Amino acid sequence: MIELRHRDDWRLDLAFGGDTFNTAVYLARLGRGNGLTVDYATALGEDPYSAAMRAAFTREGVGLSLVRTVAGRVPGLYAIRTDASGERTFFYWRREAAARAMFDGPEGEALARSLQGYDWLYFSGITLSILGDEARLTLFAALDAARARGARVAFDPNYRPHGWSEPAAARAVMSEALRRSDLALPTLPDEKSLFGDADAEACVKRLTKLGVREIAVKDSGAPALVHDETHHAHVPAFSVAKIVDTTAAGDAFNAGYLRARIKGGSPLEAASAGHRLAAAVVGHPGAIIPASAMPRLD
């Protein structure tokens, strides 16, 4: 989406962001020079902002081969306001966003089929919230086919109530997504809100019943609970001198985690890497920090 970040009440900076896009950018940066390549599946329009987004993808090393063009559509837009503690509030305008149509029609079905050629696939609850019912089924079928070929699927539920008609609909769709996920990266306050989980342990128990084998439960600056067949431990976050903007902290954690797991690190090492990147991100305004501010995770 187009990101508008308030400098003050009347002046704004324009950038690009969105939960899966943020993760894709950070993962691409972390993958430079070590054989990890990232493509981003979405749809854009034919407008100047869509053209600028494509250029931004290219600058960040995010591949364009999965980006559809949908005539008559434009990118979604959101504004960020932050309070004195750096906590953010989002306001969205995305009803006509081209990304809503990414899996629609024959071209969308072809896009979904092309996902089968990847080793890892990552998506979020916001991905699901912007898709229609048929498009979700198209995506789920593509995930099933990719897993049958040996791909691993990572999913961040990232529940945002305004994106859903009612909580029950979100619970049903999220559960279907989790049944197709090898790795879940939930955020505890979201899971409490949507599923009523009392704590991270309850969240892990529910997700394992759905068949998820690896789980990292994020909880803002608190330790993350990491669980798989051989690990069950809390991994502490890194202290931050000053929190400027918490936008994309969870997305950055996911990128650090995924990069470590893809490169052979353990889940505990992956959570530590995720925390380190998130700590750097919250020290800067906006979703995407300067490349020069990226921490070393090795």
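What the table below lists for this structure:
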{"item": "Every residue from the stretch 179-202 that is in a helix (DSSP H, G or I) and among the aliphatic types (A, V, I, L, M)", "result": "Leu188, Leu194, Ala200, Ala202"}
{"item": "Hits in the stretch 210-265 - residues which are part of a loop (DSSP other than H, G, I, E, B), open to solvent by less than 30 Å² (accessible area, probe 1.4 Å) and modelled with pLDDT of 95 or more", "result": "Val212, Asp228, Gly265"}
{"item": "Residues located in the stretch 1-32, provided they are part of a strand (DSSP E or B) and free of Cβ contacts under 8 Å to residues at least 60 places away in the same chain", "result": "Leu14"}
{"item": "Set Arg213, Arg259, Arg179, Arg171: member being in contact (Cβ under 8 Å) with a residue 12 or more places away in the chain and within 20 Å of Thr23 (Cα to Cα)", "result": "Arg259"}
{"item": "Any hit, the stretch 75-92, residues being farther than 24 Å from Thr187 by Cβ, touching a helix residue (DSSP H, G or I) at 6+ places or on another chain (Cβ under 7 Å) and in contact (Cβ under 8 Å) with a residue 24 or more places away in the chain", "result": "yes"}
{"item": "Of all residues making up the stretch 164-181, the number that are open to solvent by 30 Å² or more (accessible area, probe 1.4 Å) and touching a strand residue (DSSP E or B) at 6+ places or on another chain (Cβ under 8 Å)", "result": "1"}
{"item": "Residue check, Tyr49 aromatic (Phe, Trp, Tyr), in contact with a strand residue (DSSP E or B) (Cβ under 8 Å, 6 or more places away or on another chain) and not in a strand (DSSP E or B)", "result": "yes"}
{"item": "All positions within the stretch 274-287 that are open to solvent by 10 Å² or more (accessible area, probe 1.4 Å), over 10 Å from Thr246 (Cβ atoms) and either small (Gly, Ala, Ser) or in a helix (DSSP H, G or I) (or both)", "result": "His275, Arg276, Ala279, Ala280, Gly283"}
{"item": "Those residues of the stretch 163-178 which are in a helix (DSSP H, G or I) and either modelled with pLDDT of 95 or more or touching a Cys at 6+ places or on another chain (Cβ under 6 Å) (or both), in sequence order", "result": "Pro167, Ala168, Ala169, Ala170, Arg171, Ala172, Val173, Met174, Ser175, Glu176, Ala177, Leu178"}
{"item": "Which listed residue, of Thr20, Thr69, Thr42, Thr58, is touching a Ser or Thr at 6+ places or on another chain (Cβ under 9 Å), open to solvent by 40 Å² or more (accessible area, probe 1.4 Å) and either over 24 Å from Phe253 (Cβ atoms) or at pLDDT 95 or above (or both)", "result": "Thr69"}
{"item": "Subset of the stretch 182-197 [more than 25 Å from Ala270 (Cα to Cα) and open to solvent by 20 Å² or more (accessible area, probe 1.4 Å)]", "result": "Ser193, Phe195, Gly196"}
{"item": "Hey, Val153 open to solvent by 40 Å² or more (accessible area, probe 1.4 Å) and either in contact with a Gly (Cβ under 8 Å, 6 or more places away or on another chain) or part of a strand (DSSP E or B) (or both) or not", "result": "no"}
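The values are calculated or read from the model by the stated rules, or taken from the named source; none is laboratory data. Predicted, not measured: the structure shown is a model, and the values here were computed from it. A quick note on method: Cβ atoms are made from the backbone with ideal geometry, for glycine too, and the neighbour counts reach across all protein chains shown. Heads up: the accessible areas ignore ligands, DNA and RNA and are worked out on the full protein's heavy atoms, side chains in. Shrake-Rupley method; radii C 1.70, N 1.55, O 1.52, S 1.80 Å.
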